[in-house]
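Contents: one structure, followed by commentary.
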Amino acid sequence: MLIDGFGRVHRDLRVSLTDRCQLRCTYCMPAEGLEWSKDLLTAEEIIRVVRAAVSEGIEEVRLTGGEPLLRRDLLDIVSAIDVPALSLTTNGMGLARLAEDLKRAGLQRVNISVDTLRPERFLSLTRRGGLPAVLAGVEAAVAAGLQPVKVNTVLMRGVNDDEVLPLVAWARELGVELRFIEHMPLGPAGAWDRADLVTAEEVLEVLGSAYDVLGVDGRESSPAELWQLDGTGPHVGVIASVTRPFCGDCDRLRLTADGNVRSCLFARDEDDIKPLLRSGGSPQDLAAFLRDTVSRKGAGHGIGLPTFVQPTRTMSEIGG
Ligand code: SAM
Ligand code: SF4
């Protein structure tokens, strides 16, 4: 089992397939100057780590990045992973083309990032543009029968915080669960200011101005608190990583695209599993490596404490 010093059993592995992305979201990446990793894990290496993790009790694998749809061998990787829950987080560009193939290859669930429904705002937020492709991707995911389809939104004050209700109405019309994620200090240096945080509390206030909002029980280790609106689904989620941290129930472990194992998004250090993979490490060796990283996991991220230091790697490099 992957169990840390606080008794938390790890069941969820996030696997970053690439640090590359065709967008440059302001909260995730700098406008320029970020070098792509030159030494990504191969599909075969990724699968070996995933299988070792599964042998240690991992039940859910989420493929992410960077942008995982940019990985050319994505379908091979998806077909080779055998877990009760296989999901993928994507910016949605290219999903219209790939959704059906992904479903056929064994992908079950998908999370798509949509921060705005306004094309000009999407352009300034992503520094690239392409909102119609993203929206087509969401529709294609629903049509392909990926289940559930969830949409992630990061709200930023003065940027898109006036779109809570339009985004909720759009998601409910499509039948997908929308989750508002609090902006975390994980992007380029200087992009995060606690004073500008749009908090879960504020989101709930806005929801309450338009709907009867009722809490949904059964959260377990999920980062999202779910809310039912006007007595009907789909629910709306709030991921309050900053103002209501859920580290005490965290069951997540991460593998970066360049082969580093991280026990927390905010970890100050990570363990490079490549040398072991490339020197013929056995499944048992890989499993022992994962157990060791998990055993050293800290209690929590400590955002807000005087001792907190933002990780040097951006969210696109770590894998969200
Ligand atoms: N490119 C894909 C996407 O955008 O969905 C997958 C990788 S992205 C790093 C995963 C998730 O992290 C996205 O939902 C994105 O909005 C979120 N994210 C990135 N930087 C963040 C930050 N500083 N705070 C909160 N969420 C962030
Ligand atoms: Fe790319 Fe996703 Fe980061 Fe946006 S959030 S820059 S789409 S990796």
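The values are calculated or read from the model by the stated rules, or taken from the named source; none is laboratory data. Given the structure is predicted, the values throughout are model-derived calculations rather than measurements. With ideal geometry, Cβ positions are generated from the backbone for all residues, glycine too; neighbour counts draw on all protein chains shown. Remember, those area values only see protein heavy atoms, side chains included, never the ligands or the DNA or RNA. Shrake-Rupley method; radii C 1.70, N 1.55, O 1.52, S 1.80 Å.
Would you confirm whether or not segment 53-71 contains a residue that is more than 15 Å from ligand 1 (Cβ to nearest atom), modelled with pLDDT of 95 or more and within 29 Å of M156 (Cα to Cα)? No: zero hits.
Is there a residue in segment 130-142 that is part of a loop (DSSP other than H, G, I, E, B) and under 15 Å from T90 (Cα atoms)? Yes, that holds for at least one residue. Within segment 230-268, restricting attention to residues that are among the β-branched types (V, I, T) and assigned to a loop (DSSP other than H, G, I, E, B), the residue that is nearest to A43 (Cα to Cα) is T256. Looking at R244, R313, R278, just one residue is within 16 Å of ligand 2 (Cβ to nearest atom) and basic (K, R), and that residue is R313. Of all the numbered requirements in (1) within 24 Å of S222 (Cα to Cα); (2) over 20 Å from the mean Cα position of the chain (by Cα), S79 misses one, and that requirement is (1). Can you tell me which residue within segment 175-193, out of those that are away from ligand 2 (no atom under 16 Å from the Cβ) and closer than 30 Å to E35 by Cα, is surrounded by the most Cβ atoms within 10 Å (Cβ to Cβ)? Among those residues, the one meeting the criterion is D193.
The criterion of at least 1 residues that are among the acidic types (D, E), open to solvent by 30 Å² or more (accessible area, probe 1.4 Å) and out of contact with any Leu (no Cβ under 9 Å at 6 or more places or on another chain) is met by the following helices (runs of 4 or more DSSP H) wholly inside segment 270-320: 283-295.
So that you can scan it fast, the table gives a plain yes or no per residue for (1) in contact (Cβ under 8 Å) with a residue 24 or more places away in the chain; (2) on the phi > 0 side of the Ramachandran plot; (3) open to solvent by less than 30 Å² (accessible area, probe 1.4 Å); (4) in a loop (DSSP other than H, G, I, E, B):
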| position | (1), (2), (3), (4) |
| --- | --- |
| E173 | no, no, no, no |
| V203 | yes, no, yes, no |
| L214 | no, no, no, no |
| E220 | yes, yes, no, yes |
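The set of residues from segment 12-62 being in contact with a Pro (Cβ under 9 Å, 6 or more places away or on another chain), part of a loop (DSSP other than H, G, I, E, B) and among the hydroxyl-bearing types (S, T, Y) comprises T18, T26, Y27. Entry remark, segment 1-17: residues being in contact with a Ser or Thr (Cβ under 8 Å, 6 or more places away or on another chain) and crowded, with 17+ Cβ neighbours inside 10 Å number 7 in total.
Summed over segment 100-123, the residues that are among the hydrophobic types (A, V, I, L, M, F, W, C), open to solvent by 10 Å² or more (accessible area, probe 1.4 Å) and part of a loop (DSSP other than H, G, I, E, B) give a count of 1.
Just to be sure, is R72 part of a loop (DSSP other than H, G, I, E, B), without any contact (Cβ under 8 Å) to a residue 40 or more places away in the chain and over 25 Å from Q284 (Cα atoms)? So R72 fits the description; yes.
Within segment 143-161, the set of residues being part of a loop (DSSP other than H, G, I, E, B) and not β-branched (V, I, T) comprises A144, G145, L146, Q147, P148, L155, R157, G158, N160, D161. If you go through segment 75-95 and keep only what is in contact with a helix residue (DSSP H, G or I) (Cβ under 8 Å, 6 or more places away or on another chain), over 14 Å from L17 (Cβ atoms) and either within 16 Å of ligand 2 (Cβ to nearest atom) or open to solvent by less than 60 Å² (accessible area, probe 1.4 Å) (or both), you end up with V83, G92, M93, L95. No other residue among T42, T26 is open to solvent by 30 Å² or more (accessible area, probe 1.4 Å), within 16 Å of G259 (Cβ to Cβ) and either away from ligand 1 (no atom under 16 Å from the Cβ) or within 17 Å of the chain's Cα centre (by Cα) (or both) apart from T42. Within segment 81-105, residues that are over 21 Å from I46 (Cβ atoms) and more than 16 Å from ligand 1 (Cβ to nearest atom) have Cβ atoms under 9 Å from residues that are modelled with pLDDT of 95 or more and assigned to a loop (DSSP other than H, G, I, E, B) in these pairs: E100/A144; E100/G145, counting only partners at least 6 apart in sequence or on another chain.
Per the listing R254, R244, the residue uniquely in contact (Cβ under 8 Å) with a residue 12 or more places away in the chain and open to solvent by less than 50 Å² (accessible area, probe 1.4 Å) is R254.
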